[in-house]
Amino acid sequence: MTTVPDTRPAEDLHTIGAVCERLRDEFPDISISKIRYLEDQGLLHPKRTRGGYRLFSEADVERLITILRLQRDEFLPLRVIREELRAPSAERTKRRSAGLRGQEEEIEMSELCERAGITVDFARRLEEFGLLAPRIEAGDRLFVESDADIALACAKISRHGVDARHLRAFRTAAGRQSALLEQVVAPALRSRNPERRAAALEDLESLAVVAQELAQLLLMRDLRDVAER
């Protein structure tokens with residue numbers, strides 16, 4: 001942790017409160033506690049005064065904006081965002097579908113609700129309609145990290161008056177797409193040959209990226225029709 005003299009911040013350094021206010025228009029849900037959480041997760045590295053106050057440079061603010069946009073626009077879990085930030089910017093445009101070969105960390109219900117900014121009741125309803133699928137261990141519900149991003153996305157849509165039961169349509173659509181792609185690579189995925197299985201995973205990741213792009217294009221086409229009515 002870098003320490004700077006406990007004096008008035010330089011012109012290009014910002015307090016955590018100032019950063020919050022600066023970003024609030026684009027990110028209404030931003031909070032001091034969320035920024036602190038991202039720092040705790042090793043995604044942000046602000047300077048500190050001798051009194052312990054955080055000071056953010058312009059580069060720190062730009063990094064924070066990138067993190068928040070990846071969460072909001074692409075629903076990426078923090079583990080994947082961390083990898084994204086390590087990669088050269090040119091490589092970020094070539095991102096492949098994450099999570100097929102790496103095992104995600106598990107989080108408890110309380111942490112999922114904190115990350116997604118939702119209530120336990122809303123999380124239970126998402127689980128009821130298949131949008132969340134925790135693993136039950138000794139009576140405790142354990143979620144993978146990306147479940148928090150799913151819950152956050154659901155919460156954002158629900159703010160427009162969409163009930164959890166209607167969000168099930170997204171789960172149904174994803175299930176159908178997954179089943180279709182599974183048919184394409186299933187024989188190779190079941191192979192005992194490690195090289196063939198690895199190649200199948202490569203294909204599945206590539207197909208997932210294209211399928212996501214196709215779904216987005218079709219959705220935007222339909223919504224353009226809605227906007228023009």
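Considering only Leu126, Leu38, Ala198, and ranking their Cα positions along the charge dipole of the chain that arises from unit charges at the beta-carbon of Lys, Arg, Asp and Glu, the one farthest toward the positive end is Ala198.
A simple charge model with +1 on the Cβ of Lys and Arg, -1 on the Cβ of Asp and Glu and nothing else charged puts the dipole of region 167-229 at about 320 debye relative to its Cα centre. A quarter of the convex hull surface defined by the alpha-carbon atoms of region 190-229 gives 2.9 nm² as the mean projection.
Between the amide H of Arg141 and those of Met109, distances stay under 5 Å, these residues lying 5 or more places away or on another chain, with hydrogens modeled in the peptide plane.
The eigenvalues of the Cα gyration tensor, multiplied by 5 and square-rooted, give the chain an equivalent ellipsoid with semi-axes of 35, 22, 20 Å from largest to smallest.
Taking the average, over residues, of other Cβ atoms within 10 Å as the packing measure, peptides 72-82, 136-146 rank 72-82, 136-146 from highest down. Per-residue Cβ neighbour counts within 10 Å put Cys154, Cys113 in the sequence Cys113, Cys154, beginning with the fewest.
Only the coordinates and a few stated rules stand behind these numbers; no lab work does. Only a predicted model underlies this, so the values are computations on that prediction, with no experimental measurement involved. Cβ: placed from backbone, ideal geometry, glycine included. Neighbour counts: every protein chain shown.
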